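One structure is given below, encoded as structure tokens.
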Amino acid sequence: MAEYDFDLFVIGAGSGGVRAARVAAMSGAKVAVAEEYRVGGTCVIRGCVPKKFMVYASEVTSQLKTAKGYGWTIDNARFDWKGFLHDKDVEIARLSGIYVTNLQKAGAHLLHGRAQILDAHTVEVLPKEGSKDAGRYTARKILVATGGRPRRPDFPGAEFGITSDEAFHLPELPKRALVVGGGYIAVEFASIFNGLGVQTTLLYRGANILRGFDDDVRSHLADELEKRGIKVVLGCSHQSIEKTADGTLVSRLNNDLTFDSDVVLFATGREPYVAGLGLEKAGVELNEHGAIKVDDFSKTNVDSIWAVGDVTDRINLTPVAIREGAAFAQTEFYDNPQNFDHDNVASAVFSQPPVGTVGLTEAQARHAFGKVDIYRAVFRPMKVTFYGGQDRCLIKLVVKQDDQRVVGVHVVGPDSPEIIQMAAIAVKMGVTKAQWDSTCAVHPTLAEELVTMREKYVPTEMGGA
Ligand code: NDP
């Protein structure tokens, strides 16, 4: 039997890779993890975590408004972008350090440098300044967990735009921002900029933002974003960007209008990070979208190579990558076959207001089951009615008509990410509407509306398929 340097070699120390490495190492396996940048991956270094800090910082504007509505006078409120960025970076460094410590505690070897696959059992770590880890290593099993990278559109002047990677390090807060795209990152960053006092426009090429979400959620959120001061421009895309002498970015759009801003942020999707990994040398197959093709157990077509997380482009969320990584390690190192069930994964969009969603949209449910019952409430939460605020929440349940199972829950409003986590448990367990309704309300809360909706909603015009 062949002798290998390691039982497992993990490429990429992000959420999925670190979890797989730790769980595998705790079984007694000899595990190496190679990382070319900082430990923690997109989520910790340039994604979920710093984004959430920015969300917290930017929400203060609406909290100040609320404070005023409740009798407070808060004079001279100021935001210090540079101070905030510094503190954010200190916290990110602390969290990254915890990831390193946890890997070490589990007994995994961290190798600093970019890794390339040479064959089905060999990985080369390239030289990196300050690291002595360069070299060739053999492993019984290889796990690719390299995540994704922002995708930039290709048109004249696109190089003047930034992506979310750079948005975490802008030297100055812009006065005017144009955010391009209509997905998670676009609406989240548009809300962040807007909350921080930046004049913000969201430019999306389609008919409405958040394609793939429930249609009511999409239109409700677009309205609420506009109410909060974001200009939402739909059905429009770039032809070019020019930079003037004073640094203004002039975007020429496909309707021949021009638009001036200080920053253009492309939130135009992400792609699996497979470039230069050497996958072809081992014969690892990609799918038609350039993601690594894997089976239910995250195994590639090569017997000794697996992949988890965004590089496989299944559901591109941190907790999913973590669960895929853990399931891989359980299967391969504990003789405990596990595959992660990708159904009914809840997610949240940290826009302002935020969105929480689990299960099927109304259109998906109609397509899958034919007949569905819809329960829906749109209302001003009591917190804002007190001072005459106009923010509205949306709560929507999608129920399969024949067996009355709740197959979709969609919430737009304060705390919806927290609310949806709980709703997801019930949906995952296959709750029926009657069981759902048997739950007594918690009063006075926004979420109580979820269990008090008794009348079916009949839209004036039946949308969706
Ligand atoms: P998404 O795929 O969600 O959205 C990309 C957006 O960019 C879409 O609106 C798309 O339009 C638009 N787009 C794509 N190409 C172009 C182009 N050439 N010109 C103009 N517009 C374009 O990607 P994101 O970057 O927002 O996020 C990536 C992934 O990261 C998400 O899918 C999600 O899985 C994850 N994520 C999760 C978060 C969370 O859980 N809160 C937060 C941030 C990211 P169209 O709809 O027409 O295709």
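The values are calculated or read from the model by the stated rules, or taken from the named source; none is laboratory data. Because the structure is predicted, anything quoted here is derived from the model rather than measured. We place every Cβ from the backbone using ideal geometry, glycine too, and count neighbours over all the protein chains shown.
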Margin query: Among (1) more than 30 Å from Glu3 (Cβ to Cβ); (2) in a loop (DSSP other than H, G, I, E, B), there is one condition Ser131 misses while meeting the rest; what is its number?
Written below: (1)
Notebook entry, point to check: Out of all the residues in the range 335-355, is one or more away from the ligand (no atom under 16 Å from the Cβ) and crowded, with 19+ Cβ neighbours inside 10 Å?
Noted result: no
Checklist line | Residue under evaluation His367, criteria (1) crowded, with 19+ Cβ neighbours inside 10 Å; (2) touching a residue at least 60 places away in the same chain (Cβ under 8 Å), criterion not met | finding: (1)
Notebook entry, point to check: Does Ile192 satisfy the condition of being in contact with a strand residue (DSSP E or B) (Cβ under 8 Å, 6 or more places away or on another chain) and within 16 Å of the ligand (Cβ to nearest atom)?
Noted result: no
Note to self: Which of the strands (runs of 3 or more DSSP E) found entirely inside the range 337-454 contain at least 3 residues meeting this: farther than 30 Å from Ala307 by Cβ?
What the structure shows: 372-379, 393-400, 406-412
Item checked: Matching residues, the range 169-191, being under 20 Å from the mean Cα position of the chain (by Cα) and surrounded by fewer than 18 Cβ atoms within 10 Å (Cβ to Cβ) -> His169
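This table checks each residue for (1) of a type in the set (S, T, N, Q); (2) closer than 24 Å to Ala326 by Cβ; (3) modelled with pLDDT under 95.
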| position | (1), (2), (3) |
| --- | --- |
| Glu3 | no, no, yes |
| Leu8 | no, yes, no |
| Gly14 | no, yes, no |
| Ala20 | no, yes, no |
| Cys48 | no, yes, no |
| Lys51 | no, yes, no |
| Trp81 | no, no, no |
| Phe84 | no, no, no |
| Lys88 | no, no, no |
